[in-house]
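In what follows, a single structure is set out as C-alpha cells and then discussed.
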Amino acid sequence: MIKKISSSGHILIKLDSLNKLQEKISSPLYTHYKDALQLLKCSPNWFNEYWVKTDIISVEDLVYWKLILASEVKRAVKIKNEYLTGTEASRLMGMHKSHISNLSTQGLIYPISFGKRYQIKLYKKSQVIKLIEDGYGSKLHSK
C-alpha cells in the first residue's frame, strides 16, 4: 500500500491501493483469521503452536485483517480430521496424556511429524481407534 503524509500530517492513500486491499480481503482465495480458528476448532495459542509455527499455515497480517490462504486452512483441516496430538489421543483413549508416548516407545503406534522449521508429532486417528479396539485404552472408553 502506498501512502504519503500530507503537509497537514494526514496520511494519503491512493485509491487503487484501497481497491487492491478490498479485493484481497473479500477474495475467496483467503480465509479470515477468526474463521480459520473456527474451522480448526482451536484457540489462538493452539493455532499458533500447531499451524503457524510449523509453517503449515502462514498469516498475512494487514493490521486490521489477518488473512490466510484458504488452501492452507483446507489442508490443516484435513490433517486435523485424520490425526491427533498426543494429548488428544490419550484423552480419546481415556488415559493419562503420557499414555500415547508410552505406547509409541513400545512400538505400538508411531507418530508422524508435520511442519517445516518447527515440527509437531501427530498420531493417525485410525491407529488410535485400533489400539482402543485392541484393549489399550481405558476399560470405560473401550466398550
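The values are calculated or read from the model by the stated rules, or taken from the named source; none is laboratory data. Please read all numbers here as calculations on a predicted model, not as lab measurements. For neighbour counting, all protein chains shown are included, and Cβ atoms are generated from backbone atoms with ideal geometry for every residue, glycine included. With ligands, DNA and RNA removed, areas are computed over all heavy atoms of the protein, side chains included. Shrake-Rupley method; radii C 1.70, N 1.55, O 1.52, S 1.80 Å.
Note on the chain: with charges restricted to the Cβ of Lys and Arg (+1) and Asp and Glu (-1), its dipole about the Cα centre is near 60 debye. Taking other residues whose beta carbon is less than 12 angstrom from the beta carbon of LYS53, and scoring Lys, Arg as +1 and Asp, Glu as -1, yields 0. So what's the net charge close to THR31: Lys and Arg +1, Asp and Glu -1, counting the other residues with Cβ under 15 Å from its Cβ? Here the count lands on +4.
Apolar share of the accessible surface for the range 1-123: 55 percent from carbon plus sulfur atoms, 1.4 Å probe.
From the coordinates of this entry, mean projected area of the Cα convex hull in nm² is computed, and it appears in (1) 11.3; (2) 8.2; (3) 9.0 under the label (1). Residues whose amide H comes within less than 5 Å of that of LYS66, counting only those at least five positions distant or on another chain, are TYR33 (H built at 1.01 Å from N in the peptide plane). Among the listed pairs LYS34/LYS125; LYS14/LYS74; LYS66/LYS116, those with a Cα-Cα distance over 32 Å are LYS14/LYS74.
Highest GNM mean-square fluctuation among LYS125, LYS53, LYS24, for the chain modelled with Cα contacts below 10 Å: LYS24.
Largest accessible area first, the listed residues TRP65, TRP46 line up as TRP65, TRP46 when surface is computed with a 1.4 Å probe on the assembled protein chains.
Once the Cα-Cα distance is subtracted from the 0.36 nm per residue extended length, the ILE25 to TYR118 segment shows a gain of 30.6 nm. When the Gaussian network model of the chain links Cα atoms closer than 10 Å, the mean-square fluctuations of VAL63, VAL128, VAL77 top out at VAL63.
Work out, step by step, the length gained on full extension between TRP46 and GLU60: first 0.36 nm times the residue separation, then minus their alpha carbon distance; give nm to one decimal.
Full extension of this stretch gives 3.3 nm more.
On the beta carbon distance between TYR110 and LYS78, with R0 = 25 Å, the FRET formula returns roughly 0.80.
First select every other residue whose beta carbon is under 12 angstrom from the beta carbon of ILE109; then total the charges, Lys and Arg +1, Asp and Glu -1.
My count for the surroundings of ILE109 gives +3.
Helical runs assigned H by DSSP (4 residues or longer) give the chain a calculated mean residue ellipticity at 222 nm of -11500 deg cm²/dmol, each run adding -39500 (n - 2.57) before division by the residue total. Solvent-accessible area per residue in the range 50-143 equals 62 Å², computed with a 1.4 angstrom probe and all protein chains kept.
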